[in-house]
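Every number here is computed from the coordinates shown, using simple stated rules; none is lab data. Since we're looking at a predicted model, the values are computed, not measured. Every residue, glycine as well, gets a Cβ built from its backbone with ideal geometry; the counts of neighbours run over all protein chains shown.
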Amino acid sequence: MTPRGVIADKGYDAKANREAAPERGAVAVIPYRKNTKTPHRPVPKNLYKLRARVEQLIGKLKRFKRIAMRCEKTERNFGSLIAWAFVIILIKSVHTA
């Protein structure tokens, strides 16, 4: 699978990271640090907002101790546990809405 975009935070603002993305056919969505000497190009804010959503979802998944500690050893059981956790997260989000 080839990625279409690389979404990262300012911690990955390096020339090597920005050059590696187009080599793989992806767009680099990495905001610039204030002290970067290269000229700043605008970053698509809609794509960058997706990064926050993904991080929030991973944070919610890590509330489940068995997922955070990787108690399940087989890929099948771990995938099933993640699917179960997603269902619980979805039910809680619909119930509170």
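With θ taken as phi - 60° and the Karplus curve 6.51 cos²θ - 1.76 cosθ + 1.60 applied, the whole-hertz 3J(HN,Hα) list for segment 18-33 is 5, 7, 6, 5, x, 4, 9, x, 10, 9, 8, 10, 10, x, 8, 6 Hz, x standing for glycine and proline. Calculated [222 nm] ellipticity per residue, helices only, for the chain: -17000 deg cm²/dmol; basis is -39500 (n - 2.57) per DSSP H run with n ≥ 4, divided by all residues, nearest 500. The value of relative contact order for the chain, using C-alpha pairs under 8 Å at least six residues apart, is 20 percent. Phi-derived couplings, Karplus 6.51 cos²θ - 1.76 cosθ + 1.60 at θ = phi - 60°, listed residue by residue for segment 62-77: 6, 5, 7, 4, 5, 7, 4, 8, 6, 6, 7, 8, 8, 5, 5, 5 Hz, with x used for Gly and Pro.
Annotated for the chain: lysine pairs at least 8 residues apart or interchain, Cα distance under 18 Å, count 13.
Relative contact order, percent, of segment 1-43 when contacts are C-alpha pairs under 8 Å separated by at least 6 residues? Relative CO of segment 1-43 lands at 44 percent. Extension gain for K10-R24 works out to 3.0 nm (0.36 nm per residue, less the C-alpha to C-alpha distance). Amide H to amide H distances under 5 Å link A28 with V6, where only residues 5 or more positions off or on other chains count and H is placed in the peptide plane.
Since only S93, G79, A20 are under comparison, the one whose Cα sits farthest along the positive direction of the charge dipole of the chain, derived from C-beta charges on Lys, Arg, Asp and Glu, is S93.
With the simple spin-label model, which puts each label point 7 Å out from Cα in the Cβ direction, the N35 to K73 separation comes to 4.7 nm. Computed from label points 7 Å out along Cα-Cβ, the spacing between I89 and E55 is 1.5 nm.
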